[in-house]
Amino acid sequence: MDYPEIDRYASLDSPIHRFDPRAKIITFVLLLISFVFVQKISVAFLALLFSLLLLLVSKLPIRFILKRVQIVLIFVLPLLIIMPLTVKGTELFSVFGISATREGLWYASLIVIRSMAAVILILTMLGSMRFDTTIKALYTLKAPKTLVQMLMFTYRYIFVIIDEFLSMWRAMSAKGFNPRTNMYGLSVMGNMVGMLIVKSYERGERVYQAMISRGYTGNPKTRTAFAMRRTDYVLSAIFVGIAILVHINTVMM
Amino acid sequence: MTKEAVSIRDLNYSYPDGTVALEDINITIEEGERIAIIGQNGAGKTTLFLHLNGTIKSCDNNVVIFGKDIGQMKSKERIEKVGVVFQDPDDQLFMPTIFDDVAFGPINMGLDEDEVERRVRSALATVGLTGFEDRVPHHLSYGQKKRAALAAVLSMEPRILVLDEPTANLDPMNRASLIELINDLNRDKGITTIVAMHDVNAVSQLADRIYVLNKRMVAEGPPTEIFMDFDLLRENNLDAPDVFKLFSVLSCFGFNCESLPLSINEAVEVLTKTIEGDEKHVHLHIHEHTHEDLEVLMHRYDHHHG
């Protein structure tokens, strides 16, 4: 089974990898916000190209990123069919009396391109640093404590829970269970998920006790050693510039 | 002069659903002692340990550590005094990297950065994990996780070290090195160690005194005394060390020694002493009571037909 290790390639070396994590999070999120508000397909397309460029510069394996983009595509692509049929406007063609509109297609394309740009951007950001670094950067950026801790525990325990699931799965296969979509199969799977929830709940309690044992008071504290260098400032300035430029362009044209 | 490290008086605890977990527990442990708490599954060992460092607070203020009620202590003082290493290292290692995890306690104690750094390095060096600072817990082996969990407690430099099943699920090499490590900490730094174990063969290597827990404290004493008490062992679903049993058998054949050995090392000592002594050899023979004695002995160790 594949572990969902988003930071598998965090040890590569590229300008994106070397970029200060805090500056990276701020500028990439800024770019993201800027890209999703783009109103023109041509500009959205440029944004997508820029995201792809960053991905290339980061040297992250394209397949690694695309595999994750796929998941988002499953949700976004149906829009290309639904929106032309539902948005009112000039008719493109009609099938069985249902007409597809130019405007619908245009909106749908805009949404698909923008979301691709955004997803590639964020995956490049997450993939180019270790996840614990991401968490620490969020912590130093004063992100809400609860959020930081939730991310931290998710990252720490997702692997443990996967292992627990796998060992349960193996135990069931060893006793001859074949997953089928009949009532019996589904009820067994339901039991398994229930078991996993109970196990997680109990583990949560034990982890909390371990935390109390080591002086946890509700405030996560950690030690970080980030330092901005000149290249970080330059890169930040460029990214912020592009985030703004995209919109000046839109307004002027 | 030794000080009282732990003193528990009439401690009672029930789970929220009303099940009694601990009943009238009385313990006194001197500083620098090596203690084992043995008992069958569900005997309340873990619950007792959670009381020792104030994770579960007793309402009656009857857990006293170095003369001070643990319920009255600030969290910093509490974790400086007693460190608990839990059984499952995945419960204990909750931070993203090993460094963060080992630094968790010291940072919560409010130490400055240099001191935190120093303690993390020294704790990792003690358990033999130098260079693992940036590793993530899910990339470590079970033995490494177990040692990292110990380091995470050692970094708080506690005066009392409590370990829940330290040797469970470890391979022989990791087990031996962990036992040695715990004993080194006791000998060199004077840390009071309290372990919960199932593994009776290793108990004598880690403890000079044993408490037998079964919701109540059913017995207390040096290992030899505890393991001689067959009824006690059987009633509490416990076993005696294999070496101890073998020498009990040998004594039925006329082998004479002052105290029965509990581990292979002690066995070597006993045999050497006997052979070097007046007799010059080990003399075994069958006398009139041998068969009878053996039968009684084997029956005593038999858990199935109690």
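Just a few scattered comments:
- Using Cβ point charges alone (K and R +1, D and E -1), the dipole size of the protein assembly as shown about the Cα centre works out to roughly 4160 debye.
- Whichever lysines have a C-alpha closer than 29 Å to that of A:LYS88, once near sequence neighbours (fewer than 8 apart) are set aside: A:LYS40
- Estimated [θ] at 222 nm from DSSP helical runs (n ≥ 4, -39500 (n - 2.57)) normalised by residues in the protein assembly as shown, nearest 500: -18000 deg cm²/dmol
- Summing Lys and Arg as +1 and Asp and Glu as -1 over all other residues whose Cβ lies under 10 Å from the Cβ of A:ASP232 gives a net charge of +4.
- Taking the fewest neighbouring Cβ atoms within 10 Å as the starting point, the ordered list for B:ARG300, B:ARG147 is B:ARG300, B:ARG147.
- Residue among B:GLU80, B:GLU288, B:GLU113 with the largest mean-square fluctuation in a Gaussian network model of chain B, springs linking Cα atoms under 10 Å: B:GLU288
- Summarising the amide proton neighbourhood of B:ARG135: residues at separation of 5 or more, or on other chains, whose placed amide H is nearer than 5 Å comprise B:ILE98, B:PHE99.
- For B:ALA219, distant residues with modelled amide H under 5 Å away: B:VAL212
- Relative pair counts by distance (%), Cα atoms of the protein assembly as shown, 10 Å bins: 3, 13, 19, 19, 16, 12, 8, 5, 3, 1, 0, 0
- For the protein assembly as shown, DSSP calls about 55 percent of its internal beta bridges antiparallel.
- Helix B:142-154 and the longest principal axis of the Cα set of chain B meet at an angle near 60°.
- Exceedance of the 28 Å cut-off in Cα-Cα distance is limited, within the set B:LYS146/B:LYS245; B:LYS68/B:LYS215; A:LYS136/B:LYS146; A:LYS142/B:LYS76, to B:LYS146/B:LYS245.
- Among complete DSSP H helices in chain A, those whose alpha-carbon atoms stretch at least 15 Å along the helix's long axis and whose mean Kyte-Doolittle hydropathy reaches -0.5 are A:21-36, A:41-58, A:62-76, A:102-127, A:145-174, A:183-213, A:230-252.
- Among A:VAL29, A:VAL207, A:VAL87: highest mean-square fluctuation, GNM of chain A, C-alpha pairs under 10 Å: A:VAL207
- Sorted ascending by nearby beta carbons within 10 Å, beginning with the fewest, A:LYS24, B:LYS81, A:LYS221 become A:LYS221, B:LYS81, A:LYS24.
- The three principal axes of the Cα atoms in chain A give end-to-end lengths of 61, 60, 32 Å, sorted in falling order.
- Springs between Cα atoms under 10 Å define the GNM used for chain B, and in it the highest mean-square fluctuation of B:LEU206, B:LEU238, B:LEU170 occurs at B:LEU170.
- Neighbour counts of C-beta atoms inside 10 Å place B:ASP164, B:ASP278, B:ASP242, B:ASP293 in the sequence B:ASP278, B:ASP242, B:ASP293, B:ASP164, starting with the fewest.
- Between the C-alpha center of the range B:96-110 and that of the range B:1-78 there is a gap of 25 Å.
- Angle between chain B longest axis and helix B:242-252 axis [Cα atoms, degrees, rounded to 10]: 20
- Point-charge dipole on Cβ atoms (K/R +1, D/E -1) for the range B:4-235, about Cα centre, debye to 20: 80
Rule-based calculations on the coordinates, nothing more; no lab input. All of these numbers come straight from a predicted model, not from anything done at the bench. When we count neighbours, we look across all protein chains shown, and the Cβ atoms used for this are built from the backbone with ideal geometry, even at glycine.
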